[in-house]
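**Student:** One structure, as structure tokens, below. Some questions next.
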Amino acid sequence: MILYINTAQNNFIEIGIKNKSKFVARKKIKSNRTQAEKLLPAIEKLLKANKLKLSGLGGIAVENNGGSFTSLRIGVVTANALGYALNLPVSGSGGKAKIVKTGQRNFKVIEPIYDKEPEITAKKDRAYRVCG
């Protein structure tokens with residue numbers, strides 16, 4: 001079974017459990033900019049409802065392309081952290097990954113692919129001038 005995570009949009013989370021390429025369970029949760037608070041409890045609830053444990057997973061798939069900068073990072077970081085902790089393969093929808101050597105093993109880390117510059121670094125037009 002594969003855990004599927006999608007937090008690319010800032011107003012919902014989509015998680016699921018796949019058997020090969022077919023969903024056996026899928027859940028969409030409203031989360032207006034609250035993915036970080038809701039993602040792990042939602043995963044736990046979905047697994048419990050389907051009588052599965054994290055240790056019974058065979059891998060993790062994550063949407064890592066497009067969407068909101070922060071929301072996308074929440075899903076990617078969660079997938080990478082779970083994959084590393086459970087020694088599971090992690091795959092991304094955009095395919096961007098790099099191999100990181102961690103101690104005695106190599107781990108494939110999925111990287112987010114952004115479709116625009118994040119607003120936190122975007123230049124803003126300012127109607128005022130800061131004096132210094």
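**Student:** Just give me the residues in segment 25-47 being touching a Phe, Trp or Tyr at 6+ places or on another chain (Cβ under 8 Å) and of a type in the set (Gly, Ala, Ser), in sequence order.
**Tutor:** Ser31
**Student:** Inside segment 10-27, can you point out the residues that are out of contact with any helix residue (DSSP H, G or I) (no Cβ under 6 Å at 6 or more places or on another chain) and under 23 Å from Glu111 (Cα atoms)?
**Tutor:** Across segment 10-27, the qualifying residues are Asn11, Phe12, Glu14, Gly16, Ile17, Lys18, Lys20, Ser21.
**Student:** For segment 15-40, what are the residues that are in contact (Cβ under 8 Å) with a residue 24 or more places away in the chain, touching a Lys or Arg at 6+ places or on another chain (Cβ under 8 Å) and open to solvent by 20 Å² or more (accessible area, probe 1.4 Å)?
**Tutor:** Hit for segment 15-40 is Val24, nothing else.
The values are calculated or read from the model by the stated rules, or taken from the named source; none is laboratory data. Since we're looking at a predicted model, the values are computed, not measured. Neighbour counts run over all protein chains shown; Cβ positions are idealised from the backbone, glycine included. The protein model used for the area step is the full one, side chains on, heavy atoms only, and it has no ligands, DNA or RNA in it. Shrake-Rupley method; radii C 1.70, N 1.55, O 1.52, S 1.80 Å.
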